[in-house]
1. Mind sorting Leu171, Leu11, Leu137 by how few other Cβ atoms lie within 10 Å of their own Cβ, fewest first?
2. Filter the trypsin sites (Lys or Arg not before Pro) in the stretch 69-157 to those in DSSP coil with at most 15 other Cβ atoms within 10 Å of their Cβ, and list the result.
3. Which of the helices in the chain meet the span-like rule: DSSP H, Cα axial reach of 15 Å or more, Kyte-Doolittle mean at least 0.0?
4. Calculate the spin-label point distance for Glu8 paired with Lys57, positioning each point 7 Å from the Cα along the beta-carbon direction, and give it in nanometres.
5. What pairs from Lys45/Lys115; Lys48/Lys115; Lys48/Lys98 go past 19 Å between their alpha carbons?
6. Take every Cα-Cα pair in the chain and report what % of them are more than 22 Å apart.
7. If you rank Val78, Val169, Val15 by fewest surrounding Cβ atoms within 10 Å, what's the result?
8. So if each residue of separation counts as 0.36 nm, and I subtract the Cα-Cα distance between Ser43 and Ser190, what length gain in nm does that give?
Amino acid sequence: MNTFSTREEWLVAAVAELRPQFDFFAAAPAAQRIRVSCGFPASWKRSKALGECWVDKASADGTHEILIAPTIEDAREVLAILIHELIHTTPGSFNHGKTFQRSADALGLIPSAAKGYKATSPGPQFDSMYAAILSGLGPYPHAALNAATRKTQGTRLLKAFCPACGYTVRLTAKWANRGLPTCVCGSNFSM
């Protein structure tokens, strides 16, 4: 069993361990040029996607880029997400069409009831197919991030309104403290 000090080392080793599985089971082998890292997918806020694969044409050096969400810490789940994203690097599988579906089925993934093949999970054969790989990789060196605890920045602008006509403006606290402006109707703004 290996012990990795970083998530990226673990993920790179996992890609290397999975390549023979792709050669044998998938519709096509995984791309040769792949970078994999832990990070929030671009659509994470909206879709809560757990992984993302960027096509090689999007990268300046022609490399597929894969991100695994930092909200996941379970090695088995990370491996399943990585397999899903690696399927996207195979020819004809960037979408979730028939080629992707054949590879996902062959590699032990099953579609979700709600999202189909857009969100796969480990199937019944997954553990027996990948037990040796998971054992060899050892624990995923990561602790899950709880994105719900992250504070979002509110607006720095204060809302002022005219009680006479309803006209509103926004201004910083610095200027509000110096005095509120006068409305175009001639009334004074209120906060």
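What follows is calculated from the coordinates using simple rules that are stated; it is not laboratory data. What you are looking at is a predicted structure, and each value in this text was computed from that prediction instead of being measured. Heads up, the Cβs are rebuilt from the backbone with ideal geometry, glycines too, and the neighbour counts pull from every protein chain shown.
1. Values: Leu171 18, Leu11 25, Leu137 22.
The most exposed by this proxy come first: Leu171, Leu137, Leu11.
2. Lys115, Arg150, Lys151, Arg156
3. On the way: long enough: 7-25 (26 Å, 0.04); 75-87 (18 Å, 1.38); 126-137 (16 Å, 1.13).
Taking the DSSP H segments of the chain (at least 15 Å long, mean hydropathy at least 0.0), we get 7-25, 75-87, 126-137.
4. Result for the modelled spin labels: 2.7 nm.
5. Numbers: Lys45/Lys115 17 Å; Lys48/Lys115 12 Å; Lys48/Lys98 24 Å.
In this structure, Lys48/Lys98 exceed 19 Å between Cα atoms.
6. Numbers: 10121 of 18145 pairs.
Cα-Cα pairs of the chain separated by over 22 Å account for 56 percent.
7. Working: Val78 24, Val169 14, Val15 19.
Lowest count first: Val169, Val15, Val78.
8. Values: separation 147, 0.36 × 147 = 52.92 nm, distance 3.93 nm.
That works out to 49.0 nm of additional length.
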